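The values are calculated or read from the model by the stated rules, or taken from the named source; none is laboratory data. Remember, predicted model here, so these are calculated numbers, not experimental data. Virtual Cβ from ideal backbone geometry, glycine too; neighbours counted across all protein chains shown.
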Amino acid sequence: MLATRLSPHLKKLTKVCPEIYRQFVPSNKEEQDETITSADPLLEEHFTVTRGLVHKYGNRALVLLTMNCAAYCRFCTRRRKVSDIAKGIVSTKDLDNMVRYIKQHPEIKELVFSGGDPMTVPEILKQALQKFVKLPQIKVIRVGSRLPVSNPSAVNKKLIEALKIVKKQPLYLMLHFEHPAEITEATIKALNRLRPVCTMMLSQTVSLKGVNDSVEILYNLFSRLVEVGVKPYYFFRCDPVIGVEHFMVDFKKEIKIFTELRKRLSGLATPLYTIDAPDGSGKIPVPLDFWEFKADSYKDFRGKKIKVK
């Protein structure tokens with residue numbers, strides 16, 4: 001079961017914001033799933049080619065440096081193993097194995113660091129970046145993190161020095177924001193510390209029942225993100241993972257919400273609304289109510305028809 005962890009920063013926020021409380025504090029609803037049976041719907045374990053490296057899409061690979069985070073989101077896609085301290089952090093040997101695999105696959109041009117949160121282990125992140133930036137085939141590096149939200153004080157000099165390793169490639173920081181109350185003064189200061197060492201900061205948001213399933217909340221979130229220099233990138237339908245069914249918003253309601261958002265938001269403030277298709281077959285854009293379409297199924301990148309859960 002996904003462990004419980006809260007930073008002092010989040011403890012304060014959970015006391016004043018029910019939507020943040022819901023994201024990070026366990027609920028007995030996690031044990032009451034009725035229809036979801038998969039712990040790994042995106043088949044990441046199947047596509048793991050060596051410890052810490054997932055190669056699911058041809059030109060990019062996913063790097064998982066640690067299974068730990070500053071705080072654990074209850075809707076986490078990787079809740080099957082995130083927070084598993086026994087799995088720990090990748091070793092130097094693991095990193096060397098990743099380098100060896102990447103060299104053998106010159107089609108890999110982009111690396112996406114995720115986890116667990118790679119920014120919570122700045123020393124191993126620095127070590128990994130030192131190895132990967134030397135590979136001529138790597139043209140783009142992304143680092144995914146929720147650290148500016150979950151523990152902004154940890155965005156410190158040691159982390160900044162690690163990110164500075166990336167000089168030749170563009171460095172994109174992929175941050176997670178689910179609710180406007182997360183954009184605190186402390187978080188804004190953390191973003192300001194990160195801005196000089198990256199090419200761009202983008203955000204990913206998961207659609208969550210009882211957290212952000214309203215037009216006004218998402219309008220405020222995406223508008224505010226642009227104001228603090230973060231581009232809303234993806235708006236995801238919650239992945240169908242065991243233990244998160246209570247977070248999943250009715251699909252037709254979700255479409256209605258995002259259709260209204262598209263009317264109100266600028267293009268800059270509008271993320272791409274997608275479903276991450278099960279079986280690891282792509283992030284599928286969701287059409288809005290400007291078009292007539294069937295909202296009960298879709299086709300993934302391989303043409304397979306998938307029923308919406």
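When LEU268 is tested against (1) over 23 Å from ALA295 (Cα atoms); (2) of a type outside the set (Lys, Arg); (3) buried (at least 22 other Cβ atoms within 10 Å of the Cβ), only condition (3) is not met.
So that you can scan it fast, the table gives a plain yes or no per residue for (1) more than 18 Å from the chain's Cα centre (by Cα); (2) more than 24 Å from GLU30 (Cβ to Cβ):
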site: CYS238; (1), (2): no, no
site: ASP250; (1), (2): yes, no
site: SER281; (1), (2): no, yes
site: ILE284; (1), (2): no, yes
site: PRO287; (1), (2): yes, yes
site: LYS309; (1), (2): yes, no
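Every test in (1) assigned to a helix (DSSP H, G or I); (2) surrounded by fewer than 18 Cβ atoms within 10 Å (Cβ to Cβ) is passed by GLY229 save one, and that test is (1).
Of the residues that sit in segment 154-199 and are under 24 Å from PHE75 (Cβ atoms) and of a type in the set (Gly, Ala, Ser), which one is surrounded by the most Cβ atoms within 10 Å (Cβ to Cβ)? Among those residues, the one meeting the criterion is ALA190. Listed residues GLY243, GLY210; which is touching a Leu at 6+ places or on another chain (Cβ under 8 Å) and assigned to a loop (DSSP other than H, G, I, E, B)? That would be GLY243, the only listed residue that is touching a Leu at 6+ places or on another chain (Cβ under 8 Å) and assigned to a loop (DSSP other than H, G, I, E, B).
Does GLU44 satisfy the criteria of being among the acidic types (Asp, Glu) and within 19 Å of ASP239 (Cβ to Cβ)? Yes. Among residues of segment 84-121 being of a type in the set (Lys, Arg) and within 14 Å of ARG51 (Cα to Cα), the one that is surrounded by the most Cβ atoms within 10 Å (Cβ to Cβ) is LYS87. Contact map, segment 106-128: residues that are under 12 Å from LEU62 (Cα atoms) and part of a helix (DSSP H, G or I) paired with residues that are among the small types (Gly, Ala, Ser) and modelled with pLDDT of 95 or more, Cβ distance under 7 Å, separation 6+ or inter-chain. Pairs shown: PRO118/SER145. Taken over segment 1-11, residues that are in a loop (DSSP other than H, G, I, E, B) and either surrounded by fewer than 17 Cβ atoms within 10 Å (Cβ to Cβ) or without any contact (Cβ under 8 Å) to a residue 60 or more places away in the chain (or both) amount to 4. In this structure, does LYS256 turn out to be surrounded by 14 or more Cβ atoms within 10 Å (Cβ to Cβ), of a type in the set (Lys, Arg), at pLDDT 95 or above and over 27 Å from THR48 (Cβ atoms)? Yes; evaluated as a whole, the condition is true for this residue. Only one entry of ARG142, ARG195 meets the criterion of being closer than 24 Å to PRO232 by Cβ, basic (Lys, Arg) and not in a helix (DSSP H, G or I), and that entry is ARG142. For the residues GLU260, GLU161, GLU216, the requirement of being among the acidic types (Asp, Glu), touching a residue at least 24 places away in the same chain (Cβ under 8 Å), over 19 Å from PRO118 (Cα atoms) and in a helix (DSSP H, G or I) singles out GLU260.
The residues in segment 12-31 that are at pLDDT 95 or above, surrounded by 13 or more Cβ atoms within 10 Å (Cβ to Cβ) and basic (Lys, Arg) can be counted, and the count is 2.
Among the residues of segment 273-295, those identified as modelled with pLDDT of 90 or more and either in contact with a strand residue (DSSP E or B) (Cβ under 8 Å, 6 or more places away or on another chain) or part of a strand (DSSP E or B) (or both) are TYR273, THR274, ILE275, ASP276, LYS283, ILE284, PRO285, VAL286, LEU288.
The residue that is nearest to GLY210 (Cα to Cα), among those in segment 29-68 that are assigned to a strand (DSSP E or B) and out of contact with any strand residue (DSSP E or B) (no Cβ under 8 Å at 6 or more places or on another chain), is TYR57. With respect to ALA71, is the statement that it is at pLDDT below 95, among the hydrophobic types (A, V, I, L, M, F, W, C) and either surrounded by 17 or more Cβ atoms within 10 Å (Cβ to Cβ) or in a strand (DSSP E or B) (or both) true? Answer is yes for this residue.
When ALA181, ALA186, ALA190 are checked against the criterion of being at pLDDT 95 or above, assigned to a helix (DSSP H, G or I), of a type outside the set (Asp, Glu) and touching a His at 6+ places or on another chain (Cβ under 7 Å), a single residue qualifies: ALA186.
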